[in-house]
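Here the structure is laid out as structure tokens; the discussion comes afterwards.
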């Protein structure tokens, strides 16, 4: 009995029907690199985790936003994030710290998205903080629309769950 090769069978079927198989080398890009997706996740992270300062502007540590959006677009990292926050100086913390920091250091897409949001006027830099800019109402409207239409639910749920994780300055140092 002859073993069948699935691709060979498919090729024979296509040839029998007069079709010519064409293979393209391009692959679709990941949503992680999609600027619209990253703007949405950053806007939600800013809205959910940002705090209002004494002058009425919302703000968040730039490093904290980077961490929050990093985990929000990768919800499977949430348990590891909790472990890292709970480790408090144990040997396990060192391994978790290295793993998370390696991801952040390579996340240059986030920095470009922040540059875009600053150019748009949604954010401004204020020392180590990102502060709501002249167009910051864009964030609140966008997040309200997403919630109403139940879009990006996994990311928004992850950001809500991160409210219960104590992110310390020591975790954010060096980024």
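The values are calculated or read from the model by the stated rules, or taken from the named source; none is laboratory data. From a predicted model like this one, the values you see are computed outputs, not experimental measurements. Heads up, the Cβs are rebuilt from the backbone with ideal geometry, glycines too, and the neighbour counts pull from every protein chain shown.
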message: Residues that are exposed (fewer than 11 other Cβ atoms within 10 Å of the Cβ), at pLDDT below 90, in a helix (DSSP H, G or I) and over 11 Å from the mean Cα position of the chain (by Cα): does region 18-41 have at least one?
response: no
- request: State all residues of region 151-172 that are surrounded by fewer than 14 Cβ atoms within 10 Å (Cβ to Cβ) and modelled with pLDDT under 90; if no residue qualifies, say none.
  value: 168, 169, 170
So residue 107, is it at pLDDT 70 or above, out of contact with any helix residue (DSSP H, G or I) (no Cβ under 8 Å at 6 or more places or on another chain) and within 30 Å of residue 127 (Cα to Cα): no
- prompt: From the set of residues in region 120-150 that are outside any helix (DSSP H, G or I) and free of Cβ contacts under 8 Å to residues at least 24 places away in the same chain, which is surrounded by the most Cβ atoms within 10 Å (Cβ to Cβ)?
  reply: 133
- prompt: Residue check, residue 175 against (1) in contact with a helix residue (DSSP H, G or I) (Cβ under 6 Å, 6 or more places away or on another chain); (2) within 24 Å of residue 76 (Cβ to Cβ); (3) surrounded by 14 or more Cβ atoms within 10 Å (Cβ to Cβ); (4) at pLDDT 85 or above, all met but one. Which one?
  reply: (4)
